Every structure is written in C-alpha cells, then in structure tokens.
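Structure record follows, encoded as structure tokens.
The values are calculated or read from the model by the stated rules, or taken from the named source; none is laboratory data. Everything quoted here is computed from the prediction, not taken from an experiment. Virtual Cβ from ideal backbone geometry, glycine too; neighbours counted across all protein chains shown. These accessible areas exclude ligands, DNA and RNA; they are computed on the full protein's heavy atoms, side chains included. Shrake-Rupley method; radii C 1.70, N 1.55, O 1.52, S 1.80 Å.
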Amino acid sequence: MNQGKICVSICGKTVAEVLGRIEQARDLADVIEVRFDYLLPEEIDPLLEILATRPEQLIITFRPEHQGGARSLSRDERIAFWNKVAVRLSAETLVDLECDMDFTVNIESDRIIGSAHRFDDRPTDPSQYFEHYFDELLQFSSGARKLAVAVNDASDAVDVWKLLIESGQPAIAIGMGEAGKWTRILALAYGAFLTYASLDSTDVVAPGQISAAELRDVFRVKEIDARTHVYAVLAGNTSYSLSPYMQNAAFRQADVDAVFVPMQVGNLDAFIRRMVNGATREIELHFKGFSVTNPHKQSIIRHLDHIDETARKIGAVNTVKIDHGKRIGYNTDAVGFITPLSNIFDDLRGSRATVVGAGGAARACVYALKKAGADVTILARDSAKGSAMAEEFDVRFERLTTGHQHLSTDILVNATPLGTTGEHEQKSIASANELAGLQLVYDLVYNPAETKLIKEARAAGVKTLGGLDMLIAQGARQFEIWTGGVAPVDEMRAAVEQRLKQSYAA
C-alpha cells in the first residue's frame with residue numbers, strides 16, 4: 001500500500017462538458033485536473049466561478065501548445081488567467097505552472113506544481129534539463145516538480161525515473177507514450193504523490209495515459225509499493241498485448257504481491273543493461289520475470305544464465321524467471337499451442353501441418369507438432385531463415401509467395417503477426433479459396449479474436465481455432481513457473497475476454 005493518488009485529467013470545450021466529466025470522475029479519482037486550455041475562451045470565467053464552490057481536490061492547468069496544451073496562449077493570456085485563479089479558487093486547489101514562464105503569480109508556493117513537457121529532442125542528460133528549467137521556478141515554489149518526456153523505448157524513461165527517486169522532494173516523473181506506461185503504473189509505488197490517468201480510453205489527453213479504472217482495478221497502483229515484485233511483457237509493440245490483463249487478474253486472485261506491466265522494448269540490450277542486469281542497472285524495480293514476445297524470443301537467449309531443455313530444443317524463449325539474480329529461460333508456447341489443438345485432434349500422428357512463419361512462435365509450433373507425430377512443413381517469405389529452420393527441425397520448407405498458393409495440408413497454422421490489431425489487421429496469409437478443403441485453420445493471433453484469416457476460413461467452411469486458448473494456456477504455465485502456484489485459469493480467461501469486449505465496444 002502507498003500514499004499516492006490517482007489524478008484524472010478532464011478536458012472539455014464548455015462548462016457543461018467539464019462538469020459532466022467531473023461527475024464521472026468523482027468515484028475514480030483522488031484528484032481531478034481541469035485542463036482550461038481546452039475550453040472556449042468565453043467559458044473560462046464561468047467555470048472558474050463554479051469550481052470555487054466544488055468539494056473535489058482540484059489541479060488547475062492552462063497549458064500552452066508548446067508544452068502539450070490544446071492551443072497557443074500568449075504571455076498576457078496566461079498572466080490574466082493565473083491572476084483570476086489566485087483570487088477565485090480555494091487554498092486547497094493546486095495549480096500546474098509550466099517552467100517556461102517569465103512571470104510570477106500571487107499563489108502560495110506550496111500550491112504550485114512546476115512542470116515541463118518535452119515531446120522531442122530528448123536531452124542526453126535529462127537531469128540538466130530538469131534543473132535548468134526548475135531552479136528559477138522553485139525560487140517561489142515549494143510544491144512538486146513534474147517532468148514529462150516522450151520516450152520510444154522503455155529504457156529511455158530511466159533518466160526521467162531517476163529524477164523521481166533522487167529528487168528529494170515531491171516529484172512526478174513521466175515517460176510519455178506507450179513505451180513510458182510503466183512509469184505511470186509504478187509511480188505511486190516509488191514515491192510519486194500522484195499519477196495521471198484518463199477518464200476512459202477515449203478521453204486521453206496525454207500520450208500513454210491509462211484510464212483511471214485500469215490503474216485502480218487492473219494494475220492496482222494504490223495497493224503496490226517498492227517491495228512489490230514486478231513482471232513485464234517485453235515486446236516491440238505492447239499496445240495490443242492482453243498479457244497485463246491476464247496476469248494481473250491471476251496475481252489478484254491468488255493474492256500475490258506482484259504487478260505485471262507493459263515494457264515496449266526495441267533495444268533489448270539497452271533494456272537489460274540499464275534496467276535488469278545486477279552489475280549495470282541504473283534503477284531497481286524488483287523484476288522477477290518476463291513474458292517475451294515478438295521480436296525478442298531468440299535474442300533474449302544471450303541475456304540468460306540458463307534455459308531449460310524445451311526452450312533449448314525450440315531455440316526460443318517466451319518466459320524468463322529471475323531467481324536470486326539468475327535469469328532462467330523457458331518456453332511455454334509449445335504447451336500453450338498444442339493443448340487446445342489436442343482437444344480437437346485426438347491423435348496428430350500422420351496429420352499434415354503447415355506452419356506459416358519462421359520466428360520464435362513458429363519454432364515452438366513446429367517443435368510441438370513434430371513431437372506429436374505430425375508431418376510438418378514450414379512456409380515463410382524469408383527463404384534463408386525458413387530453410388535453415390526447416391533443416392534444424394528436419395521438416396520441409398516452402399517459400400511463401402504473394403500470389404495464389406496451393407495449400408496441400410490438413411492443418412494451417414499462422415505464426416506470424418499478420419492480422420493483429422493495427423496496420424496489418426485486414427490482412428490474411430490466405431484467402432477462402434486457398435483454404436477450401438483444409439481440416440483446420442489455427443491462427444495464433446488473439447487480438448482481434450476474429451482475425452481476417454479466421455473469417456476467410458469460416459467462409460470456406462473450415463473449422464477454426466483462434467489464439468486466445470493458446471494465450472491462456474501458455475500464460476497459465478508462465479504463472480506457475482513464476483509463482484510455484486496453480487494458475488487461476490478461469491479468472492485469467494475472464495479478464496482477457498472482458499478486455500476484448502471493451503476494445504470492440506471502443
């Protein structure tokens with residue numbers, strides 16, 4: 001348990017819109033930030049008058065465009081606004097003042113949050129940037145300091161995070177964007193007096209903001225502290241991952257003091273060096289394990305102290321357990337893949353199976369199918385990679401072409417990201433005509449639940465199997481490896497299905 005607060009950022013063009021959102025936020029937020037820069041100019045004075053009588057703990061923000069605000073604001077506009085705030089709002093109201101100000105305001109210094117937002121051109125030493133802008137501001141502010149820096153990689157936020165840990169006074173340190181979400185989730189556990197959240201997933205006012213309900217109910221940010229064990233999914237793109245919902249539900253149900261966070265990692269070497277390795281890490285987050293996915297399932301191996309026999313044979317790791325500082329690699333993809341398939345086929349011996357892809361997931365599928373006695377073919381665009389993998393597993397290889405391809409197989413497995421939510425969502429490895437006559441199409445993509453390939457297979461009258469069952473089966477095994485306990489599979493499935501429903505509704 002920590003003493004931090006969830007602050008919900010509210011924006012709207014009119015008084016009515018803002019007040020409506022404040023009512024929605026009351027049960028979710030400890031503090032409500034009202035973004036006046038979003039308001040129509042004629043709505044500012046009426047809202048200030050109304051807020052003077054409101055009971056909620058408020059933060060008032062009037063941010064210019066270059067600091068992430070909604071519009072351009074002149075120096076005179078900003079001075080006039082803050083003079084009104086100084087005389088109209090209660091002493092309990094906090095104000096967020098940007099560090100580029102060349103004027104002072106008549107507001108008690110302990111009510112001031114001095115803030116800076118940097119969206120590009122990240123400095124080599126953020127601490128110098130921080131001090132440069134805040135030293136002058138803090139001459140009249142004894143309140144908190146806030147620095148928000150856009151990051152593209154999880155380890156890029158380390159410099160910002162260190163300011164939170166080392167500041168010696170109330171601080172808010174945010175890595176903006178998907179890669180910085182971990183700073184928002186772990187902030188309260190490590191001493192930030194608040195973390196910012198959106199009202200819901202459609203009302204995000206800053207890059208990487210998470211909804212207040214998710215911060216509270218999924219990540220349990222007010223229940224964790226600096227002793228809480230941290231697990232993470234390592235991926236090139238974590239925005240579509242369902243693992244945080246599944247694993248956090250499992251931790252909660254099993255009453256495990258742990259939190260599972262997204263870590264969007266492009267530079268795996270930098271992540272391990274700066275955030276994980278005991279001899280070189282710059283911060284301590286008490287990592288206890290990782291779920292590893294595209295594109296790191298093979299490259300993670302060089303950072304491990306040991307891998308188990310199954311992972312060694314597959315040549316890919318999707319699960320890492322950290323035990324007394326040692327990083328141990330496992331592969332739960334194989335059991336996750338074969339378990340739901342075995343529920344459909346009592347005996348796979350002699351079945352013809354084609355696996356599309358040559359990455360870490362494909363390796364696990366080929367391993368599991370061959371072990372079950374299937375006759376396996378690898379289909380991939382990269383001839384060199386695909387043929388090398390086929391030779392390694394002693395199976396056939398065929399090159400995947402962009403034109404019509406005859407599929408002489410019983411089972412077709414998509415082990416590529418094609419069809420995943422985002423830019424590739426409307427793409428498929430095969431059309432309905434190409435799938436006709438197959439016994440089963442198995443798409444490992446789980447978000448969306450019904451991919452383009454699954455739709456094509458159904459149009460061809462072919463039985464289908466989605467990636468959701470595999471996700472849950474391999475995730476359950478991960479939980480057991482990490483905790484030594486029995487995975488609460490029903491709760492894990494319910495959490496994933498609920499999240500998918502919310503995504504479709506949005």
Please give the contour-minus-distance gain from Asn152 to Arg71: 0.36 nm per residue of separation, less the Cα-Cα distance, rounded to one decimal in nm. 26.7 nm
Restrict the search to region 315-400; then list the trypsin sites (Lys or Arg not before Pro) that DSSP places in a loop and that have at most 15 other Cβ atoms within 10 Å of their Cβ. Arg349, Arg381
How long are the semi-axes of the equivalent ellipsoid of region 190-259, defined as square roots of 5 times the Cα gyration tensor eigenvalues? Whole Å, largest first. 20, 16, 12
Quote to one decimal, in nm, the extra length available between Glu480 and Phe103 on full extension: 0.36 nm per residue of separation minus the C-alpha distance between them. 130.0 nm
Given a Förster distance of 30 Å, report the FRET efficiency between Arg302 and Lys5 from their Cβ-Cβ distance, rounded to the nearest 0.05. 0.10
How much net charge surrounds Glu56 when only other residues with a Cβ under 14 Å from its Cβ are counted (Lys, Arg +1; Asp, Glu -1)? -1
Taking 7 Å along the Cα-to-C-beta vector as the label spot, tell me the Thr421-Ala384 distance in nanometres, rounded to one decimal. 3.5 nm
Measuring from label point to label point, each 7 Å out along Cα→Cβ, what is the Ala494 to Glu309 span in nm? 3.8 nm
Two-site FRET efficiency, Arg54 against Tyr240, from Cβ-Cβ distance with R₀ of 45 Å, rounded to 0.05: 0.75
Cα-Cα separations in region 1-43 greater than 11 Å, expressed as whole percent: 63 percent
Might you tell me the accessible area per residue for region 347-450, computed with a 1.4 Å probe and given in Å²? 44 Å²
Tell me the Kirkwood radius of the chain: reciprocal of the mean inverse pair distance over distinct alpha-carbon atoms, in Å. 24.7 Å
Within region 361-506, what whole-number % of the accessible surface is contributed by carbon and sulfur, with the 1.4 Å probe and all protein chains included in the calculation? 47 percent
Computed ³J(HN,Hα) along region 207-223: with the Karplus parameters 6.51/-1.76/1.60, θ = phi - 60°, integer Hz and x for glycine or proline, the list is x, x, 4, 10, 5, 4, 5, 5, 4, 6, 9, 8, 8, 6, 5, 8, 9
Centroid-to-centroid separation of region 449-476 and region 92-107 [C-alpha atoms, Å]: 54 Å
Under 5 Å between amide hydrogens, which residues at least 5 positions from Lys146 or on another chain qualify, with H placed 1.01 Å from N in the peptide plane? Gly114, Ser115, Ala116, Ile172
Convex hull volume of the Cα atoms in region 404-486, per residue, in Å³? 101 Å³
Per residue accessible area in Å² of region 235-311, where ligands, DNA and RNA are left out and the probe is 1.4 Å: 39 Å²
More than 18 Å apart: what percent of Cα pairs in region 364-506 qualify? 63 percent
Tabulate in residue order the Karplus-calculated ³J(HN,Hα) for region 312-328, using 6.51 cos²θ - 1.76 cosθ + 1.60 with θ = phi - 60°, rounded to whole Hz; enter x for Gly and Pro. 5, 5, 6, x, 8, 10, 10, 9, 10, 10, 9, 10, 6, x, 8, 9, 10
The chain, dipole about Cα centre (Lys/Arg Cβ +1, Asp/Glu Cβ -1), debye to the nearest 20: 1420 debye
Taking region 176-215, the equivalent ellipsoid from its C-alpha gyration tensor has semi-axes in Å, biggest first, of 17, 11, 8
Taking placed amide H atoms and a strict 5 Å upper bound, the residues 5 or more places from Thr319 or on another chain that come that close are Val292, Tyr330, Thr332
Whole Å is fine, so just give me how far the alpha carbon centre of region 140-201 lies from that of region 287-312. 29 Å
Potential extension, Asp225-Arg352 segment - 0.36 nm per residue separation minus Cα distance: 40.6 nm
How large is ³J(HN,Hα), in whole Hz, for each residue of region 462-469 in order, when computed from phi with the Karplus curve 6.51 cos²θ - 1.76 cosθ + 1.60 and θ = phi - 60°, using x for Gly and Pro? 9, 5, 10, 9, x, x, 5, 5
Quick one: Debye curve from the alpha-carbon atoms of region 1-94 only, equal weights, vacuum; give me log10 I(q)/I(0) at q = 0.24 Å⁻¹ to two decimals. -1.38
Förster radius 30 Å - calculated FRET efficiency between Asn267 and Lys463, Cβ distance, rounded to 0.05: 0.15
